[in-house]
Amino acid sequence: MVLRTARKGAKAGNQFWGCTEFPRCRGTLQIESPVDAAGDTDRPAPSEESRASVEGESNSEPDKMPQGFFAKVAKTVDKVQRRYLESDEPDATGRWNDDHRRSMLKYVYRRDGGRCGLCGAEMKLKGAQIEHIVPKVFVFFDVNDRGNAEPGAYYTSRLHKIDNLQAAHTYCNKRKANKPEINKWRHETMPPLTVADTEDDRGLVLPANPAP
């Protein structure tokens, strides 16, 4: 979602979160105003004693936005966007339709700070491709002592889910291909992602040892 401003109607001038796919998607999330967050201003203000009696409530000024409010809004918006993007699985050939592919690419590109997930270098969105971190040939796999993926049943790839997708240069994507070396699947400077699941909930996080 993106921050928008209403231009018409009773709420003209108010800001809200709107879906990036508008008008195809009309999902919105209202931003709670400081007055609404504090409650009805016509009611008498609570006493110091009554405010202090509420568990976990501080004596901060009532007209200020609750701490962490925007972080919660951002988390909710991201959760809604991820659910929308993952609701459309690729077809039998492993491809999304063009519009959805662009939306998915834009999401992972921004998530990773506009960098290639394979070499870690900055790149332009126009020249980026969606790349599966765990190659599609390793839906179920094990990792041997050399750090290579091999046929097995311990790990289950997240396949087309967002945590197993990254943006990459075309040449980086081709060079990686289906190589089994897991340390080459995602660059060490990239944010860690859980790319595969296990029954004991350990999961496979890559990069395994991210750079400080």
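The values are calculated or read from the model by the stated rules, or taken from the named source; none is laboratory data. These numbers were taken from a predicted model, which means no experiment stands behind them. We place every Cβ from the backbone using ideal geometry, glycine too, and count neighbours over all the protein chains shown. For accessibility, only protein heavy atoms count, side chains too; no ligands or nucleic acids. Shrake-Rupley method; radii C 1.70, N 1.55, O 1.52, S 1.80 Å.
Among the residues making up segment 83-109, those that are open to solvent by 60 Å² or more (accessible area, probe 1.4 Å) and either of a type in the set (A, V, I, L, M, F, W, C) or at pLDDT 70 or above (or both) are ARG83, ALA92, ASN97, ASP98, ASP99, ARG101, ARG102, LYS106. Among the residues making up segment 161-210, those that are under 12 Å from VAL108 (Cβ atoms) and either open to solvent by less than 60 Å² (accessible area, probe 1.4 Å) or of a type in the set (Gly, Ala, Ser) (or both) are ILE162, ASP163, ASN164, LEU165, GLN166, ALA167, ALA168, ARG186, MET190, PRO191, LEU193. Among the conditions (1) of a type in the set (Gly, Ala, Ser); (2) in contact with a Leu (Cβ under 8 Å, 6 or more places away or on another chain); (3) over 19 Å from ARG101 (Cβ atoms), ALA167 misses just one, which is (3).
Residue by residue, here is whether (1) modelled with pLDDT of 95 or more; (2) in a loop (DSSP other than H, G, I, E, B) holds:
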{"site": "GLY117", "(1), (2)": "yes, yes"}
{"site": "LYS126", "(1), (2)": "no, no"}
{"site": "PHE141", "(1), (2)": "yes, no"}
{"site": "GLU150", "(1), (2)": "yes, no"}
{"site": "HIS160", "(1), (2)": "no, yes"}
{"site": "GLN166", "(1), (2)": "yes, no"}
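The residue list LYS124, LYS136 contains one member that is among the charged types (D, E, K, R), open to solvent by 70 Å² or more (accessible area, probe 1.4 Å) and over 26 Å from THR198 (Cβ atoms), which is LYS124. Residue count for segment 147-201 under the criterion of being in contact (Cβ under 8 Å) with a residue 24 or more places away in the chain and over 17 Å from ALA121 (Cα atoms): the result is 27.
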